[in-house]
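A quick write-up on the structure given underneath.
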Amino acid sequence: METIKPNDTGAAVEDVQQRLCTVGLLDESAVTGTFDAATQDAVRAFRMQNGFEPGEEVTEKVWSALVDASYHLGDRTLYLRMPYFHGQDVLDLQHALGALGFGCGASDGIFGAFTELALRKFQMNLGLPSDGIAGAYTYAAIRNLHHSWEGKEAVPPSSHLGFARAADVLEANALCLFGTAEFTRSVASRMSNLALATNPASKIMSADSLLVAPDADMLLVHIVLPESETGAAVPRVTFEDEQSLAVRLRSAVNAAQAVRPSRVAVELPGVTWEDAGEGRSAQHYAISLLDALCAALS
């Protein structure tokens, strides 16, 4: 492209001005199609903000940076391709995913493999088609969770909820834990025993310990292994990255409560944890998952 410079006029100048408005450096009333003093000031400020040498001209590189900066989250469909998508909308997506517990690696505004993987996990977490494509349904889900990520940093290391608060959560929330394999049933049973040991009035119980069918208002928590099928519409949370497990569970629970019966699935990485045997592994998963559930429901 030809460099756009002071005193130029036309559609190209108007496009530059519109994008400068989008990034907050120019007022709408200054969109005239003439590269005037106000436009020069805005271009100068944009170049300074983005690491270019001082100047008032819009070169090809400055134009490319301006286009990137003027995309808002949801303006376009994003997916993994070559060359990679890049821009402010990608950076906003990475920020939202990171704050919701789905780390993208470096927040660099580039839609690469790590961002696609984080997006797939987010989609699975909310029961959306896990296709790695940021389209209308994915953007709607992110907007619905805006209170959980706007103005917040990536999820920090989690801490335990604490006995007193956990005891209150156990009594206030009715959950039915169940597994469809021997190992996952063991984890569900151990979680129920831990909950009752923490608070005898706990309403978080395994299906095996219920004497009647689960109440319609109970949240069903299906503990599964990687090869287990749970249905495309069921929010599915992977156990990996325990530090962000609680915040990912919170998003999944919120999504599940919009339908009846409410159901989420938690996918364990396998039947062994590190080098431990099955019994110790089941106990580790039970403790970690119950702690994360209590934090998510608090």
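The values are calculated or read from the model by the stated rules, or taken from the named source; none is laboratory data. Nothing here was measured: the structure is a model prediction, and the numbers come from that model. These area figures cover heavy atoms from the full protein model, side chains too; ligands, DNA and RNA do not enter into them. Shrake-Rupley method; radii C 1.70, N 1.55, O 1.52, S 1.80 Å.
Using a probe of 1.4 angstrom and keeping all protein chains present, the accessible surface of the stretch 26-129 works out to 48 square angstrom per residue.
How large, in percent, is the carbon and sulfur part of the accessible surface of the chain at a probe radius of 1.4 Å?
On the way: 7890 of 14860 Å².
Roughly 53 percent of what the probe reaches on the chain is carbon or sulfur.
Against the chain, whose longest principal axis is taken from its Cα atoms, helix 88-99 shows a tilt of about 20°. With distances taken between every two different alpha-carbon atoms, the stretch 164-272 has a Kirkwood hydrodynamic radius of 14.2 Å. Give me the angle, in degrees from 0 to 90, between the Cα long axis of helix 182-198 and the longest principal axis of the Cα atoms of the chain, rounded to the nearest 10. The answer is roughly 80 degrees. Based on protein heavy atoms only, the stretch 252-298 ends up with 45 Å² per residue of surface accessible to a 1.4 Å probe.
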